[in-house]
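Here the structure comes first, spelled out in structure tokens, and everything after it is commentary.
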Amino acid sequence: MSDTTSTTVAATPSKWMLIMREERELTPEELAGFSFDEILEQMGAYNEKLIAAGVLVTAEGLAPAAEGLVLDFAQTPPIVTDGPYGETKELFNGFWILKTASREEAVEWASQAPLGPGVKLELRRVPSIAEFDIDNEHIQRERAWRESTGQL
Amino acid sequence: MKYMLIMRQTDEAVEAMKTADFESIINAMGQFNESLVKAGVLLDGDGLSDASEGFVVDFSGPTPTVTDGPYGETHELFNGFWTIQVSSKEEAAEWAKRAPLSPGQKLEVRRITDMSDFEDFADNEYLRSEDEWREMSAEHRKGEQA
Amino acid sequence: MNARRAVEAVWRIESARIVASLVNITRDVGLAEDLAQEALVDALAQWPDAGVPQNPGAWLTAVAKRKAIDGWRRRERLDDRYSAIAHDLSEETASVDAAWEPIDDDVLRLVFISCHPVLAREAQVAMTLRIIGGLSTEEIARLFLVPVATIQQRIVRAKKTLSAAQVPFETPDPAEWKERIASVLGVVYLIFTEGYSATSGSSWMRTDLANEALRIARKLAELVPREPEAHGLVALMEFQASRFAARITASGEPVLLSDQDRARWDHRQIARGSAALVRADAVGRGRGAYCLQAAIAQVHATSPAYADTDWERIVLLYEALGRLAPNPIVDLNRAVAVSFATGPATALRIVDGLAAADSLRGSHLLPSVRGELLARLGRAEEARAEFRRASELTANERERAVLQAKATDLTA
């Protein structure tokens, strides 16, 4: 966190998306050491902690990428093909969205995630609708929708 | 079932976006979002700020290490998504087709896991015996309390 | 990707808007639906090879209109319904307009017709799922675990009833509004509750049916944003649906509210429920029965643990609900809340009052609650008898198992 220019942003509460990335397939040895039950347990405990702290907005897991679809907008209508979209490193299989008081807090929560070797978390800030041109009719409507669905 | 529509793009599309008419993009997106809301299928959707503003936490070492973003190349990243609740994979694809995106942009459509994904595990012998063990130990604990 | 299912997906998205546009011309829901279905048959024949057109809704609407004109030419003398349409139509109006957009008001009129009081409840349910939800007869039959022919008959009869009654295609007068919107919301909630706690079948709940209802409710709230109860209904259903993942074990056993793992609740959905309730309140016309029920569900949804539940607040909300819409089920639920806020003895007096009034005869709920209260008061023998009685009265197999287990637990 060497980026000192954005410290003004640091204290602003905002939403962060924590994207679960797998750098590589696990080795058979690593896989053998895995207990599915233990993972469920640890994830459950981590989620409970996020809920108790009032920071969890949403968390979802995704079904295998091969089961998904890819739409290419190179032409109209777009070309639909079966997934996966790309290599393991390009994909992700789950995410959390947290609402934290600062980006340091987001990094702190991310560091506590029960993840292991071969896994990275990509943290991305979710800009608030307030950062966009408020004169635009659609932005105003989106603001209204976000308000009405608890997403501000 | 819930689906996530993940916005993917190429470097060329990122470049093109810099000179694009932002207002008309917002309007087209706004119309698309509204059609999702009116149909009762939109659950949430967000755009992400620039990937270089983000962070990467690596869990490979004994303690997690934090570095500045971006996580990777353009094709590895995404800058926005929608979550929709629909009745079939085909319906998810139909909504995805209606997104106002342009050449260089792709949508990755992924199903969000739900209870039915864990039903498989109900048949898993290992998990079933685990369940029985849990029940037995729960009974045992009850006995201790009583 | 399955080509047939791809066409069905378009239908799912567009059907209400297409039929609404067509009723505007035909003034007859049955005829409009038939024409739209015929257009769908054409789509099923053509799209798998030719691809889905750019604006599939416009395509289907144009084809349906063309069919109306053709039908008129063939049957002008036989059926004056067709000639009425043809007067308003020319070949041009039936061409595909890529910019075609239906009018929301037409969809709203269609909602009111599908839930019209001339129709029986089960006909309203079938029509709403079919016309507003865009489900096929087969899908509806599957969701309700009844034969396809049963649903088909209900829909055919409903269309005939509407036609015979010459039900106008319009939104109700202000004088009728309250009653008519209540009927619409009632139909949607009925669909939801059948999914949320199934009264028949081997499954404790059918989430797909409940989710269909939720989708229709969200759609409806967008059509009538000034109607607080529409938002209240969305809120209630979001709160209840947020518990789906925690209400059932992997092997299909129900988990009671007190035992549910709250980390498995859908917190995003709870936030949507709270927001819908805020939206209802923002209309500034007070809280109706759905809003009050949503507020009760919200207390549970936002309690960190069962032990932290604000039972006093729930008692107050049930009292308000009872004043607004007196109902023995509400009193029974109030009794449960009172048992936690004040104690089981006070609650038992309320339940005994209900039993004396014989207002819930035949329902498993009264003996089940009474059994619970008696058990807490240490009157095991009487409690066991009540649980047994309740298990004999319920039609849901899973629920019966839970009640029988309670009776057995008391023996041990």
- line: Of (1) surrounded by fewer than 18 Cβ atoms within 10 Å (Cβ to Cβ); (2) touching a residue at least 12 places away in the same chain (Cβ under 8 Å); (3) touching a helix residue (DSSP H, G or I) at 6+ places or on another chain (Cβ under 9 Å), C:V148 satisfies every one except (2)
message: Can you pull out every residue in segment A:62-81 that is at the interface with chain B (Cβ under 7 Å from one of its Cβ atoms) and part of a loop (DSSP other than H, G, I, E, B)?
response: A:A63, A:G68, A:F73, A:A74, A:P77, A:P78
- request: Just need a number here: residues in segment B:78-89 that are at the interface with chain A (Cβ under 9 Å from one of its Cβ atoms) and in contact with a Lys or Arg (Cβ under 8 Å, 6 or more places away or on another chain).
  value: 3
field: Which numbered condition B:A96 fails, given (1) under 17 Å from the mean Cα position of the chain (by Cα); (2) part of a helix (DSSP H, G or I); (3) more than 7 Å from every other protein chain (Cβ to nearest Cβ)
entry: (3)
message: One residue is enough: does segment A:132-150 have a residue meeting the conditions of a type in the set (K, R), touching a residue at least 12 places away in the same chain (Cβ under 8 Å), facing chain B (nearest Cβ under 8 Å) and outside any loop (DSSP other than H, G, I, E, B)?
response: no
query: Taking segment A:82-125 as the search range and keeping residues that are touching a residue at least 60 places away in the same chain (Cβ under 8 Å), more than 7 Å from chain B (Cβ to nearest Cβ) and part of a helix (DSSP H, G or I), which one is surrounded by the most Cβ atoms within 10 Å (Cβ to Cβ)?
result: A:A106
task: Those residues that are surrounded by 12 or more Cβ atoms within 10 Å (Cβ to Cβ), in a helix (DSSP H, G or I), at pLDDT 75 or above and of a type outside the set (D, E, K, R), I need them from segment A:1-44; list them, please.
output: A:F36, A:I39, A:L40, A:Q42, A:M43, A:G44
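Of these, C:A217, C:A210, C:A271, which one is under 16 Å from B:L43 (Cα atoms) and modelled with pLDDT of 95 or more?
Details: C:A210 fails: modelled with pLDDT of 95 or more; C:A271 fails: modelled with pLDDT of 95 or more.
Unique residue meeting the criteria: C:A217.
State the number of residues belonging to segment C:158-188 that are among the aliphatic types (A, V, I, L, M), over 22 Å from the mean Cα position of the chain (by Cα) and assigned to a helix (DSSP H, G or I).
Restricting attention to segment C:158-188, the residues satisfying the condition of being among the aliphatic types (A, V, I, L, M) are C:158, C:162, C:164-165, C:167, C:175, C:181-182, C:184-185, C:187-188.
Filter again for over 22 Å from the mean Cα position of the chain (by Cα), leaving C:164-165, C:167, C:175.
Checking which are assigned to a helix (DSSP H, G or I) leaves us with C:164, C:175.
Selection size over segment C:158-188: 2.
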task: Kindly indicate whether C:R226 is outside any helix (DSSP H, G or I), closer than 25 Å to B:L42 by Cβ and within 14 Å of chain A (Cβ to nearest Cβ).
output: yes
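Yes/no matrix, rows are residues, columns are (1) farther than 25 Å from C:C115 by Cβ; (2) surrounded by fewer than 18 Cβ atoms within 10 Å (Cβ to Cβ):
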| residue | (1), (2) |
| --- | --- |
| C:I18 | no, no |
| C:N24 | no, yes |
| C:A32 | no, no |
| C:A36 | no, no |
| C:W59 | yes, no |
| C:D70 | yes, yes |
- prompt: Out of C:L317, C:L332, which single residue is buried (at least 20 other Cβ atoms within 10 Å of the Cβ), modelled with pLDDT of 95 or more and within 25 Å of the chain's Cα centre (by Cα)?
  reply: C:L317
task: Exactly one condition in (1) over 19 Å from B:L48 (Cβ atoms); (2) buried (at least 18 other Cβ atoms within 10 Å of the Cβ); (3) at the interface with another protein chain (Cβ under 7 Å from one of its Cβ atoms) is not met by A:L50; state its number.
output: (3)
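The values are calculated or read from the model by the stated rules, or taken from the named source; none is laboratory data. Quick caveat, the model's predicted, so the values are computed rather than measured. All Cβ positions, even for glycine, are placed from backbone atoms using ideal geometry, and neighbour counts span all protein chains on display.
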